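For reference, the structure is listed below as C-alpha cells.
The values are calculated or read from the model by the stated rules, or taken from the named source; none is laboratory data. On a predicted model such as this, the values are computed, not experimentally measured, just so you know. Neighbour counts are summed over all protein chains in view; Cβ atoms, including those assigned to glycine, are modelled from backbone coordinates with ideal geometry.
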Amino acid sequence: MVTPDQYAWNALREYQEAGLLPEQAHANAWKFTLAIEASAALTALSDESLKSDPAIEALKRLKQFVKENYGDAAPSLLKTAGQLLKGIKSFNVSAFGFGAGLTRAAEDQPVTPQIIESILAAIAAVAQEIGIVIALDKLDDSWEGSDQSKQLLVGLLKASKDINDKYKGETVGSGLAVIVFLRADIYEGLRFDDKDKHRATEESINWSPDLLRDMVQERLPEQVSVSELFEPGEMRGSIAPFNYIAKRTFLRPREILQFLDECIRRAGQNATEITKDNVREAEEKYSSWKVEDLKQEYRRLYPDFEDIVEILRQAQHRYDTFTEFETHLHDRSPELVKKLGLRLIIERLFNASAIGVRLAGAGSPRFRSEDSDLVLPAVGAIYVHQCLYKGLSVREKRARDEQNGAGEQEEPDAPAD
C-alpha cells in the first residue's frame, strides 16, 4: 500500500519535462515512483521462489538497482520524488544497461521512458510468476483542489492504466497491477482526454448497513453477535440500536467504529452491554466530530464549504420544497448566496451528503453517501443528514409545528421502506 504524504505529493507535483504536457510528465513521474516501490518490495524475495531464468535474472537486476540507489535503507516516496526533480543523474541505472554512455547534457534530462519501461519490464517478468499489486490510498490527505493537484492525479490515473494494460498477467493471479483508491467527488471533478476509457475499470465501493454489521461482526468473538452488544429493545422510532447508529453515519466503516468506540467509552470498562442512553450520549460527541470532519473533508474542494455547512445550524431538519430551503439559505446567508448562487450551494451540500432528497413525498430520504449515482433533482423535499443533527443543533420539524397544522407527523427514525 502506497500512501504519499504531503512532502512527496508536493515534490511529485513539481516534476516537469520539456515538451510534455503536465499530465504526461506526471504520468512518467508516477510510473518511475511506482516502479521503485515495487522493486523495493521485491528485494525481500529469494531467487528460489522463482522458477524461470528470465524471472530470476530480472529479480537480480531489481535488487542491484535498489542496492545501488538506496543501500540497505528502504526507499521512500519523498526521496524518490526529490531525486526525480534532479533528473537522471540522481539515479544509478546501470543494472538495466544505462549510464555508461551518458553525456553531460543527457545527465540533466528527466528520467526517460526507456529507463522506466526497462524497470517495469523487469518487475513484470517477476510478476508473471508471483503476481504484484500496488495499491495507492489516502491521496485526498494532501489534496487541495488546485489545477496542479488535478494534473498530478490525472497523471497517476493514466500511469496506472498504462501499467495495467501493458503488464497484466497471462494467468489469473499473475502480472503487475495498480489500484488507485480515490474519493468519488475528487474523481468526478477531474477532466481529461480519454476518461471514458477508464470507465471499464472503475469500481465504486459502497457500504450498506448490512455490510457494516458484517464488518463489526467479524471483529467480535464467535459467540457474540452484534445485537448482543446492546441493551434489549429498540430506540425511538422502533429502530434497533445498530441501525440507529448506521443511519447517523455516511455508511463508512471508520464512522461506525468511531460511534461504537464512543458508546463503549460511555458505557464504561465494566459494562456488559451498551444501553440506549449510552448511544444517545455518544451521539452528542460523535455528531460534533462529523460536523468538523465534513468541513475538513470538503474545505479544500469547496473553499466556502465551512460557511455553507453553518447555514444548517440551529435550523430545521426538513424542508418540504426546494423553494422553502432556498428561502432559508437566502435569509441565513444572503452574501454567500449572492457570491455562489442558490443552486451551487445546494449542489455542494448534496454532493457531500449533508442534505438528501425525498421525491414526491414517497419513500425515505436518499443521500449520495448511500447511492453514489443519485442525482440532485429539480423538485422534492430536502432533509439534513441525521449524523449532523446534534453537532449543528438541528431541530426536528413536525407537522404540528407548522402554521397551518396540516400533514401527518413524521418520525425521522422510522425504518426505510
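Brief remarks follow.
- Count of residues meeting criterion [surrounded by fewer than 17 Cβ atoms within 10 Å (Cβ to Cβ) and among the aliphatic types (A, V, I, L, M)] in region 142-179: 2
- Residue check, R332 over 30 Å from I256 (Cα atoms) and either surrounded by fewer than 21 Cβ atoms within 10 Å (Cβ to Cβ) or out of contact with any His (no Cβ under 8 Å at 6 or more places or on another chain) (or both): yes
- Test for Y70: is it modelled with pLDDT of 75 or more, buried (at least 17 other Cβ atoms within 10 Å of the Cβ) and assigned by TED's automatic domain parsing to the domain that holds I132: yes
- Filter result for I245 (more than 22 Å from H385 (Cβ to Cβ), in the same structural domain as R366 (by TED's automatic domain parsing) and without any contact (Cβ under 8 Å) to a residue 60 or more places away in the chain): no
- Failed item in (1) touching a Pro at 6+ places or on another chain (Cβ under 9 Å); (2) in contact (Cβ under 8 Å) with a residue 40 or more places away in the chain, with S393 passing the rest: (1)
- Scope region 180-208; condition out of contact with any Lys or Arg (no Cβ under 8 Å at 6 or more places or on another chain), of a type outside the set (F, W, Y), assigned to a helix (DSSP H, G or I) and surrounded by 10 or more Cβ atoms within 10 Å (Cβ to Cβ); matching residues: A184, D185, I186, E188, K195
- When E222 is tested against (1) in contact (Cβ under 8 Å) with a residue 24 or more places away in the chain; (2) surrounded by fewer than 17 Cβ atoms within 10 Å (Cβ to Cβ); (3) on the phi < 0 side of the Ramachandran plot, exactly one condition is not met: (1).
- Restricting the first member to region 119-142 and to residues that are assigned to a strand (DSSP E or B), and the second to residues that are at pLDDT 90 or above and surrounded by fewer than 19 Cβ atoms within 10 Å (Cβ to Cβ), the beta-carbon pairs closer than 7 Å and six or more apart or on different chains are V133/A177; V133/I179; A135/I179; A135/F181; L136/F181.
- Filter result for L220 (in a helix (DSSP H, G or I) and not polar (S, T, N, Q)): no
- Among the numbered conditions (1) at pLDDT below 95; (2) more than 24 Å from E255 (Cα to Cα); (3) buried (at least 19 other Cβ atoms within 10 Å of the Cβ), the only one that I345 does not meet is (1).
- Taking each residue of region 48-60 that is closer than 14 Å to F96 by Cα and looking for partners that are not in a helix (DSSP H, G or I) with beta-carbon atoms closer than 7 Å, six or more apart or interchain, yields L59/L45; L59/L50.
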